[in-house]
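Undergrad: After the structure tokens below, expect a handful of questions from me.
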Amino acid sequence: MIEMVQYNYIRFLYFNKHESEQAIAKELGISRTTVRRAMTIFTARRIWRKIGNILTVISHKRKFVRNIQSILAHQMVEEVQRVWI
């Protein structure tokens, strides 16, 4: 099990220094599968965060559209009542 400091250092080396998994594993003295697993966890978290953000936006847009539809329907009813009554 790697510590959070190592986990962050792995991400730093991979994304900022563009080192390979093998080079990172050699430098830290851990296996390549550990490095790969750390990167997979990071990538999965990023993907889930993006999916969560997208779903939040979609739900807000749906609520907005429903509110607009409700307002328009209410205005149409008022207009019909004003004209016919």
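Undergrad: Report which label in [x] 25, 23, 12; [y] 23, 17, 12; [z] 57, 9, 8 holds the value of semi-axes √(5λ) of the Cα gyration tensor in Å derived from the coordinates of this structure.
TA: Entry [z].
Undergrad: Please give the FRET efficiency for Thr43 paired with Ile2, using the beta carbon to beta carbon distance and R0 = 25 Å, rounded to the nearest 0.05. Please report the intermediate quantities before stating the final value.
TA: Working: r = 16 Å, r/R0 = 0.64.
Working from the Cβ atoms, E equals 0.95.
Undergrad: Which helices pass in the chain if a helix is a full DSSP H run, must span at least 15 angstrom along its long axis by Cα, and must have mean Kyte-Doolittle hydropathy not below -0.5?
TA: On the way: long enough: 4-15 (16 Å, 0.38); 32-84 (77 Å, -0.21).
Correct list, ordered by number: 4-15, 32-84.
Undergrad: Also, I was wondering about something else. I'd like the trypsin sites (Lys or Arg not before Pro) in the chain restricted to DSSP loop residues with at most 11 other Cβ atoms within 10 Å, sorted by number. Can you show the working numbers first?
TA: Details: sites: Arg11, Lys17, Lys26, Arg32, Arg36, Arg37, Arg45, Arg46, Arg49, Lys50, Lys61, Arg62, Lys63, Arg66, Arg82; in loops: Lys17.
Here the trypsin sites (Lys or Arg not before Pro) that fit, given the DSSP loop and packing criteria, are Lys17.
Read the figures in this text as sums done on the coordinates, not as results from a lab. A quick note: this is a predicted structure, and the numbers were derived from the prediction, not measured. Counting neighbours? That spans all protein chains shown, and the Cβs are built from the backbone with ideal geometry, glycine included.
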